[in-house]
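Every number in this text was worked out from the coordinates using simple rules, so none of it is lab data. A quick note: this is a predicted structure, and the numbers were derived from the prediction, not measured. FYI the Cβ positions are ideal-geometry reconstructions off the backbone, even for glycines, and counts take in every protein chain you see.
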Amino acid sequence: MLYIPGNNPAMIQQGGIYGADSILLDLEDAVALNQKDAARTLVRNMILVTDFYDSEVCVRVNHLSTPFGLADLEEIVPLQPSAIRYPKTESPEEVIELLNIIEKIEDRHGLPHDKMTLHAMIETAMGVNRFCPEEDRYGCKSQSY
């Protein structure tokens with residue numbers, strides 16, 4: 001997966017030429033707070049006009065607890081990228097809430113609910129504890145990079 005900051009138009013435009021299986025357009029950690037809104041608009045527009053060749057396109061949105069998370073979903077979900085990557089997921093209930101929001105946006109745009117994949121990133125100790133109970137900790141299926 002090739003990570004590309006969502007505020008860098010040149011890198012986004014050239015992302016597909018590298019032959020990556022997947023390209024992640026990052027609206028979260030790679031973008032400064034004062035550039036979040038502009039990056040969201042840039043990513044939306046670049047998805048519409050850029051040829052990413054055979055690469056899967058994934059967008060990492062901001063967490064819903066931030067002022068940017070819902071706006072990210074409102075702009076990106078209607079484009080139906082291959083995946084939405086959601087950061088700092090801390091509970092299964094949070095995933096259900098996120099899926100409900102995504103499905104409401106899809107319904108408003110007359111889109112199917114089965115096109116995009118959701119990548120819930122478990123990045124905190126609380127998330128690990130809630131998703132992988134201690135008695136199942138070593139058998140828990142998760143990925144860490």
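Charges were assigned to the Cβ only: +1 to each Lys and Arg, -1 to each Asp and Glu. The resulting dipole of the chain about its Cα centre is roughly 280 debye. For the stretch 71-79, 3J(HN,Hα) computed residue by residue from phi via the Karplus equation (6.51, -1.76, 1.60; θ = phi - 60°) reads 4, 4, 5, 4, 7, 8, 4, x, 7 Hz, glycine and proline entered as x.
By the beta-carbon count within 10 Å of each Cβ, the least crowded to most crowded order of Ser22, Ser55, fewest first, is Ser22, Ser55. Shape summary of the chain, radius of gyration then Dmax from alpha carbon positions: 15.5, 48 Å. Amide H to amide H, with H built 1.01 Å from N, Arg85 comes under 5 Å of Val59, Arg60, Val61, His119, counting only residues 5 or more places away or on other chains. Put simply, the amide H of Glu123, placed in the peptide plane, has neighbours under 5 Å in Lys88, Thr89, leaving out anything fewer than 5 places away on its chain. Under 18 Å from a point 7 Å along the Cα-to-Cβ line of Ala32: which residues of the stretch 1-17 have their amide N that close? Backbone N within reach: 5-11. The fewest-to-most ranking of Val31, Val59 by surrounding Cβ atoms within 10 Å reads Val31, Val59.
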